[in-house]
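This report concerns only the one structure given below.
The values are calculated or read from the model by the stated rules, or taken from the named source; none is laboratory data. Small disclaimer: the values here were computed from a predicted structure and weren't measured. Here Cβ is always computed from backbone atoms with ideal geometry, including for glycine, and neighbour counts include all displayed protein chains.
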Amino acid sequence: MSQTTSNLNQAFAGESQANQMYLAFAEKAEKEGHPGVACLFRAVAEAERVHASKHFEAAGKVKSTLENLKQAIAGEHHEFSEMYPPFITQARAEGNQAAEASFERANTVEQVHYGLFQRAVAEINSGEGQKQSYYVCQVCGHTVAECAPERCPTCGAPEVRFKEID
């Protein structure tokens, strides 16, 4: 791997983390009654997302939709089968209940994502793919197609905690 490719990978990771960090900071600023600061954090988060996207593209990591789906499937499988199980075990051993719950929920939801991506591949291969809305639980990330459930099957949050993504 060239040094430039390594730099692109590092920049992508850093910009991606900054994006998510600033979005979390924006939520906190909103809760503390600082809407102007929250807006600033969201604006800079969007800029960091643009940077990350451009670095990712420049690194040649955006392929065909089928290739991207196959990569997503492999990534989700890795997360729920290899990454999260030892994280859960370690958090439990350390008595960190917040981390354990966060990891367990993420692990459950990654399996859902895996299935959604597999379904998307099947739809593309059969020519049946069509646009639909998805709903994401804002408590745990559980993702469903078509309509939000009355209660999140992963964390039990009510339907109103689901955000429509279209």
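Summed over segment 137-156, residues that are at negative phi and surrounded by fewer than 17 Cβ atoms within 10 Å (Cβ to Cβ) total 8. Residues in segment 130-140 that are in contact with a Cys (Cβ under 9 Å, 6 or more places away or on another chain) and either closer than 19 Å to Phe80 by Cα or part of a strand (DSSP E or B) (or both): Tyr135, Cys137, Val139, Cys140. Considering every residue within segment 22-34, establish whether at least one is surrounded by fewer than 18 Cβ atoms within 10 Å (Cβ to Cβ), more than 14 Å from the chain's Cα centre (by Cα) and either under 25 Å from Met1 (Cα atoms) or in the same structural domain as Val144 (by TED's automatic domain parsing) (or both). No, that holds for no residue.
Okay, residues lined up against (1) closer than 20 Å to Ala24 by Cα; (2) free of Cβ contacts under 8 Å to residues at least 12 places away in the same chain:
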residue	(1), (2)
Met83	no, yes
Asn96	no, yes
Thr108	no, no
Val136	yes, no
Glu146	no, no
Lys163	yes, no
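Condition test on Glu94, is it surrounded by fewer than 14 Cβ atoms within 10 Å (Cβ to Cβ), in the same structural domain as Val136 (by TED's automatic domain parsing) and either modelled with pLDDT under 95 or under 18 Å from the mean Cα position of the chain (by Cα) (or both)? Judged against the criteria, Glu94 is not a match.
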